[in-house]
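> Sharing a structure with you now.
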Amino acid sequence: MPPRLNLLSVPRTIAYRPKTDALAWQANCIAQPSLTLRRNFAESKEPPAADKSKNPDTQPLGGVTEEAAKTSDIIGTEGPDIEQGTSVEEVVKRDKEAQKMLPKVMQDSLKSTPKGFRSFSTTASRSQGMGLEESGPPPPPPIMPGIKFSLPTLPIPSDAHLKYRYDPVVKQVTNLLMRHGKLSVAQRNMSLILTHLRTSPPPSINPSRPLLPGAPPPSHLPLNPILYLSLAIDSVAPLLRLRSQKGAAGGGVALQIPVPLGLRQRRRTAVEWILAAATKRRNRGSGKGGFAQRVAEELISVVEGKSSVWERRNAIHKLGVAARANLILKR
Amino acid sequence: MPSITAHASMASRNLLAAPRTASFSTSCLRFALPPKGKASQAGPPARGQKSLHLKKSARPRDTGKRPALGERKMLRKRIVLSNTNALEVHGMKDLNGKNLRAEAVKGAVVGLPEPVVDSLRAVEAFKTTQGWNMFRRPATLMRKESLQIAAFVDDVEAAVGKKTVRKIIVGDRASGKSTLLLQGLAMAFLRNWVVINIPEAKDLVIGHTEYAPLPGSNPTQYTQDAYTSNLLSQIARSNSAVLSKYCITTDHKLSILLPPSTTLAKLAELGANTPELSWPIFTALWTELTQPDRPPIMLAIDGVGHIMNNSAYLSADAQLVHAHDLALVRHFVDHLSGRTTLPNGGIVLAATSGSNQPASPALEFSIQLAEARAKNPIDLPNWNPYKTVDQRSLQSLKDVDVLKLNGLSKEEARAIMEYYAASGMLRRTVDERLVSETWTLAGNGNIGELEKGSVRLRM
């Protein structure tokens, strides 16, 4: 079983330092003497500030077990079972000061060598189920007289609707490609882009510009051009934007405040960057398909890590990290 | 001060003494140099005075290297016949001279062998609008109409009296007319025929290639030397294996001396290299090809509507030249109309175009007539006498038959969709339902729409 506390990893993924006024900060210091004790353990049902804000970034961190589980999930190892609680002994194992505050019985048990240990858990797990789940495929739909073709299998796939027949990324990019409301021209360009992606040789990946985790090997990309397109866009999509808020710093000075972006917003930003970079490229041929070809070449250079779009993304992220200090989270 | 007054008086005197022009002509004044403005004599502005300076904004200029001459057009016209990403289709048969009508290739997708692909490329049978660049190697579906053409090929070879088959390929837009023409050419290459293909009839009549009256022709015909020499070079490159087997037999009275052992391939190359002699050499080559014991000929043209009207060329008395007065076009039309037959047999194919077809009432009516004749030879439509029609085109198309291209059958649609899926271009399971759905959405199996719907955008 892996250790519950992963000491080698960074303890927090995103550490926002909430800015509070001096008095409140002192009071916090007095009330919560150590970081370990300020954390919420798995036993507590709900974190204390959970109802203050709906923004996921402002939520307080979970207990050590949740954190260890998340960390191991990210690095791909098997983490602790969240269903089980964290034992107090394990929590205080490396905290000498907290050990002094323990009851006498527990202090004694810490000093004495353990006689033996169980390799299994004795706590009941809720995930076992109560024997109520049904098993096996759903029964086939009854044959109804008077129907020429069989009834559709449910659930109806998401792209079966006339207005949502294309992949969401393809649809969004097509709409962003459109100029002067000419959708069919944009669709033709989209088709040319996908054709270019599927006929060009597989990209060579630059290890210093990592794509999304879980991306397929580059040789698989040309045969699945929509995946190729989505991968390029999602890999350079920025996580946040900077909103400059007037007067937040006092004296009429605007403060840059990082704001997280939603999925479509992130993609939109990335596509606009890519289109801007493609416009600056030189048109080598002549005729109708020139722009589509330049966009496709830009997409390939994004996947290969050569595109200037990566610099823009990194710059935004760097500024975002610096502007993190400007965030004020209400407690 | 006095100097200024003197100056002014001089100016006024000059004004009085301004050149008096005759009242009926204004040309001297109009062509005179513009009078010098006062500003030029004023000199720079005095110190302390403000003057308006408009800076020319330095626009960012693209200083990169321009594409070389013709490079852009080359990129636009480039034919790509292979996609290395596409999967190899296992178990696909190749077309060869013997299996044109075999059971195994009926309704199946067959590959085109390498030498045939080279020849087809030389005669510009592949078009940029076709989807050859998606697949591993060129392959075509042997549909019902392709097998009809294969049957014509067999008929021509089997006929005792050396038959000439003349057909106009008609059909909806994107129904595969140019591809059917290509299949016909491929079959002719496989059977070692001589293939002469005019890839785009439009190039002949829009006035983009030079022309000259043919000496001794009455009414005047016009030759297009640059085009003809290019055509001869295509003929030489694509048919080199066949043409190098035969030597010239007669004296053609050309202005250059030909050794008696000149092969026909050499003759065509000679015409390709000397544009000023290209038309006499073309006629000489044709005379040689129509000698007894020579192979059958496949004559093909795409976009036939363009040659069924006046061309864009002007005659010496500034009248539009009819397309049939261009020597090369007349040569083709004579064979299409049946005025001249091919003594060694052969096929004359003309494809209409769905996307680039000029209005040609004569062609349209001839197609209607031919379709009605095929149904019922008694009940034929009549030409509306109040409409103008190009009589020469109508006469030339009087008894030509049409080969109508319809949509694919569902079995053929399934075969080609399985080929798409096996190439990795269609990422779906090809089942009855998908085939039926795509076939219906493609306008009852129009193959261009079928490709668009299954391969191009929806994957």
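Laboratory data are not the source of any read-out in this text; all were calculated from the coordinates shown. All of these numbers come straight from a predicted model, not from anything done at the bench. Quick reminder, even Gly has a Cβ in these numbers, built from the backbone with ideal geometry, and neighbours come from all protein chains shown.
> Run the reach check for A:K171 against lysines, Cα to Cα strictly under 23 Å, same-chain hits fewer than 8 apart removed. What comes back?
Those lysines meeting the cut-off are A:K163, A:K182, A:K288, B:K452.
> Same structure again: Using only atoms on other chains, find how many Cβ atoms lie within 10 Å of each Cβ of peptide A:197-205 and report the average. Can you show the working numbers first?
Values: counts 1, 9, 9, 3, 2, 2, 0, 0, 0.
Counting other chains' Cβ atoms within 10 Å and averaging over A:197-205 gives 3.
> Hey, another quick one. Going through the cross-link list B:K98/B:K167; A:K306/B:K55; B:K73/B:K144, which pairs have a Cα-Cα distance over 28 Å in this structure?
Those over the limit are A:K306/B:K55; B:K73/B:K144.
> Further question: Enter the angle in degrees (range 0 to 90, nearest 10) between the Cα long axis of helix B:264-273 and the first principal axis of the Cα atoms of chain B, meaning the one along which they spread out most.
Taking the Cα atoms of chain B, the angle to B:264-273 is about 10 degrees.
> Let me ask something additional. Would you mind classifying region A:162-326 by shape? Square roots of the alpha carbon gyration tensor eigenvalues, ordered a ≥ b ≥ c; an a/c under 1.5 is rounded, otherwise it is prolate if a/b is larger than b/c and oblate if not.
Taking the square roots of the gyration eigenvalues as a ≥ b ≥ c, region A:162-326 is prolate.
> Sticking with this structure for a sec: Can you run phi through the Karplus equation (6.51, -1.76, 1.60; θ = phi - 60°) for region A:322-327 and list ³J(HN,Hα) in whole Hz, with x for Gly and Pro?
5, 7, 4, 5, 7, 6
> Oh, and also: Excluding A:L102 itself, calculate the net charge of residues whose Cβ lies under 15 Å from the Cβ of A:L102, where each Lys or Arg counts +1 and each Asp or Glu counts -1.
+1
> Along region B:430-435, what does the Karplus equation 6.51 cos²θ - 1.76 cosθ + 1.60 (θ = phi - 60°) give for ³J(HN,Hα), rounded to whole Hz, x for Gly and Pro?
Per residue, the Karplus-derived 3J(HN,Hα) values read 7, 10, 3, 5, 5, 4 Hz.
> Further question: Leaving out same-chain residues fewer than 8 places away, which aspartates and glutamates sit with a Cα under 14 Å from that of B:K77?
Cross-link targets: B:E124, B:E200.
> Looking at region A:143-246, which chymotrypsin sites (Phe, Trp or Tyr not before Pro) are DSSP coil and have at most 16 other C-beta atoms within 10 Å of their C-beta? Walk me through the numbers before you get to the answer.
Working: sites: A:F149, A:Y164, A:Y166, A:Y228; in loops: A:F149, A:Y166.
Answer in residue order: A:F149.
> If you find the alpha carbon centre of region B:165-187 and of region A:210-243, how far apart are they in angstrom?
43
> In addition: Cα to Cα, under 15 Å, and not fewer than 8 places away if on the same chain: which aspartates and glutamates meet these conditions relative to A:K280?
Of all the aspartates and glutamates, those that pass the test against A:K280 - Cα under 15 Å, at least 8 places apart if same chain - are A:E272, A:E297, A:E298, B:D62.
> Ok, one more. Scan around B:N310 for amide H atoms under 5 Å from its own, H built in the peptide plane at 1.01 Å from N, and keep only partners 5 or more places away or cross-chain.
B:A323
> Relative to the longest principal axis of chain B, what angle (0 to 90°, nearest 10) does the C-alpha long axis of helix B:225-238 take?
On a 0 to 90 degree scale, this one is about 40.
> Could you sort out which of B:K93/B:K266; B:K106/B:K162; B:K106/B:K266 sit more than 31 Å apart by Cα distance in this structure? Provide the component values of the computation, followed by the final result.
Details: B:K93/B:K266 35 Å; B:K106/B:K162 27 Å; B:K106/B:K266 39 Å.
Listed pairs above 31 Å: B:K93/B:K266; B:K106/B:K266.
> Under the rule a/c < 1.5 gives rounded, and otherwise a/b versus b/c splits prolate from oblate, where does region B:136-236 land using the Cα gyration tensor?
prolate
> Right, another one. Region B:218-288 to region A:249-310: how many Å between their Cα centroids?
What the calculation gives is 57 Å, centre to centre.
> Sort largest first and round to whole Å: the equivalent ellipsoid semi-axes of chain B, each the square root of five times a Cα gyration tensor eigenvalue.
Over the Cα atoms of chain B, the semi-axes work out to 57, 33, 25 Å.
> If you don't mind, there's one more thing I want to ask. Using a cut-off of 12 Å between beta-carbons, work out the net charge of the residues near B:A236 (Lys and Arg +1, Asp and Glu -1, B:A236 not included).
Around B:A236, the charge tally is +1.
> Using the Karplus curve 6.51 cos²θ - 1.76 cosθ + 1.60 with θ = phi - 60°, what ³J(HN,Hα) values do you get for each residue of region B:386-393, in whole Hz, with x for Gly and Pro?
So the J values, rounded to whole Hz, are 8, 9, 7, 9, 7, 5, 5, 5.
> Using modelled backbone amide H atoms (1.01 Å from N, in-plane), which distant-in-sequence or interchain residues come within less than 5 Å of B:S353's amide H?
B:G303, B:V304, B:G305
> List the residues whose amide H sits under 5 Å from the amide H of A:R243, counting only those 5 or more places along or on another chain, with H placed 1.01 Å from N in the peptide plane.
A:I257, A:V259
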